[in-house]
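The values are calculated or read from the model by the stated rules, or taken from the named source; none is laboratory data. Computed from a predicted model, the values in this text were never measured in an experiment. Neighbour counts are summed over all protein chains in view; Cβ atoms, including those assigned to glycine, are modelled from backbone coordinates with ideal geometry.
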């Protein structure tokens, strides 16, 4: 007797998070703060940029934690919505013709 396979919906899968944040967004925040902090200190000789880089990392991680609490897929939803922004309006408008002709077939 074999076990029947059940389909797994993507919405029911727990997202992989690093330190409670989206991995790609955390990598971007870490890279930007490292460039500002370490690059500014060694590259430009400004030791005051190291705490600025640390503050950028702290603030960026807090923002990512806040976003992950609301919805872990929020950055990807934002990028997908921005990709189709030229097609759809921000709200429904029945008095304005659509930007792209609808194909109902």
> List pairs: first in region 78-93 and over 24 Å from residue 68 (Cβ atoms), second modelled with pLDDT of 75 or more and surrounded by 10 or more Cβ atoms within 10 Å (Cβ to Cβ), Cβ under 9 Å, 6+ apart or cross-chain?
Replying inline: 88/81
> Looking at this structure, is residue 82 assigned to a helix (DSSP H, G or I), within 21 Å of the chain's Cα centre (by Cα), loosely packed, with under 10 Cβ neighbours inside 10 Å and at negative phi?
Replying inline: yes
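Within the bounds of region 13-23, is there any residue that is in contact with a strand residue (DSSP E or B) (Cβ under 7 Å, 6 or more places away or on another chain) and without any contact (Cβ under 8 Å) to a residue 60 or more places away in the chain? Explain how you work it out, then say what you get.
Initial filter on region 13-23 (in contact with a strand residue (DSSP E or B) (Cβ under 7 Å, 6 or more places away or on another chain)): none.
Checked region 13-23: no residue is in contact with a strand residue (DSSP E or B) (Cβ under 7 Å, 6 or more places away or on another chain) and without any contact (Cβ under 8 Å) to a residue 60 or more places away in the chain.
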> Out of region 1-47, which residues are over 21 Å from the mean Cα position of the chain (by Cα), in a loop (DSSP other than H, G, I, E, B) and surrounded by 10 or more Cβ atoms within 10 Å (Cβ to Cβ)?
Replying inline: 46, 47
> Out of all the residues in region 65-79, is one or more on the phi < 0 side of the Ramachandran plot, in a helix (DSSP H, G or I) and at pLDDT 90 or above?
Replying inline: yes
